[in-house]
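All of the numbers you see were taken from the coordinates with simple rules; none came from a lab. Fair warning: this is a prediction, and the values are worked out from it, not measured in the lab.
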Amino acid sequence: MKLSLLAALIEDARNAMTVWKWAGKTAAAALLFSIATATWADAVRKDILPADTDGGIVANSGPHIVFSTERGGHAPLLVFLPGTGGETTRTVVGEQAFIDTALAQGYRFIILSYIDTPAVSQVCTRPVLATNPDCAAQMRQKRAFGENATPLIQDKPKDAIVHRLTALLRYLAKTDPQGRWEQYLDKQAVDWSKIVLSGQSQGGGMAAYIAKRVAVRGVIDFSGGWDMRANNRIASWYASPGATPPDRLFGTYHVQERFADLIRNSYNTMRIPADHQFALNKPIRRPNADNPGHGEGASNPVYRELWQEMLEQLKRGE
């Protein structure tokens, strides 16, 4: 598998020689440098069932998938949250190029398994929003933090994203002491200052929502926001004060997405700097999809140089 990944990346680099440019820099040179110097080819993959990390986690949502390229160092940790119905075992294939890029940049990488159905828009429908305009925030609060903010979803507290991540890091610290996973914990709780959150669609929105409550190292949000309240206005939580400074947030979306305008509005409302927002416009690989372009930002290798720049800035703490 490692050889096939390397071959694929080298082929990407050859194609990049004549195609990829971003912000005036030649992507091919940066990519070839990554191939020559990165240790991602030596990555160790672990698939870990959430129930193995805490017997109180009973919902079956597939395994967490953990990648690490070094033992016991001080690599930053990127936690990726799939979109609705994303499944970690599908995400590891669809977002392979992004994972490879993060590993090449020196990150450890976790695809976190969590309850990602139903979607926010499937629960917080117009009739619901007419009487409860804060439905979306309440749903995210329950799904992310386990707080019983709404009866509209049945997620249990131990199924919450934060609890699942905490349990996974404790499990890794115990079962892989040489990996020094305890560095991402502070008194057995997540040390958010060492965590970059990322996600696609619902997962991107969860990353942004968590960053409102706790100060994370950074966020890379791929098409993650169109929560609504009544009267076709975006949800009020986007404008609420956040624990994570806006300049630690990045957001992307494709201009041909169905909800592109709403996503851009949510990024602006979160005060993400203009130079941290990226309206993607490369050709779409599946133009006949239900929402064409929606998954491009986190999966299409033509955006590899953009990923490198966002990851590098967050790694340096900029």
Using amide H atoms built in the peptide plane, which far-off residues or other-chain residues are under 5 Å from ALA235 H to H?
ASP227, MET228, ARG229
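Please work out the Cα convex hull volume for region 155-206 and give it in Å³ per residue.
Numbers: hull volume 4.8 nm³, N = 52.
Here the figure is 91 Å³ per residue.
Could you tell me what percent of the DSSP beta bridges with both partners in region 187-296 are antiparallel, to the nearest 5?
Working: 1 of 14 bridges.
Expressed as a percentage, antiparallel bridges in region 187-296 total about 5.
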Relative contact order in percent for the chain (Cα pairs under 8 Å, 6+ apart) equals 16 percent
Longer than 29 Å from Cα to Cα, which of LYS142/LYS282; LYS156/LYS282; LYS187/LYS315; LYS212/LYS315 are they? Say none if no pair is.
LYS142/LYS282; LYS156/LYS282
The set of residues whose placed amide H lies less than 5 Å from the amide H of ALA149, leaving out same-chain residues fewer than 5 positions away, is LYS142
Taking a cut-off of 13 Å between Cα atoms, list the aspartates and glutamates near LYS174, but don't count ones fewer than 8 places away on the same chain.
ASP52, ASP54, GLU182
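Can you check what the Kirkwood hydrodynamic radius comes to for the chain, Cα pairs only, in Å to one decimal? Display every interim value, and only then the final one.
Working: mean 1/r = 0.0506 Å⁻¹.
Value: 19.8 Å, from the Cα pair sum.
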What percent do you get for the relative contact order of region 180-246 when only Cα pairs under 8 Å and 6+ apart count?
29 percent
Extension gain from LYS46 to SER193, taking 0.36 nm per residue of separation minus the Cα-Cα distance
50.5 nm
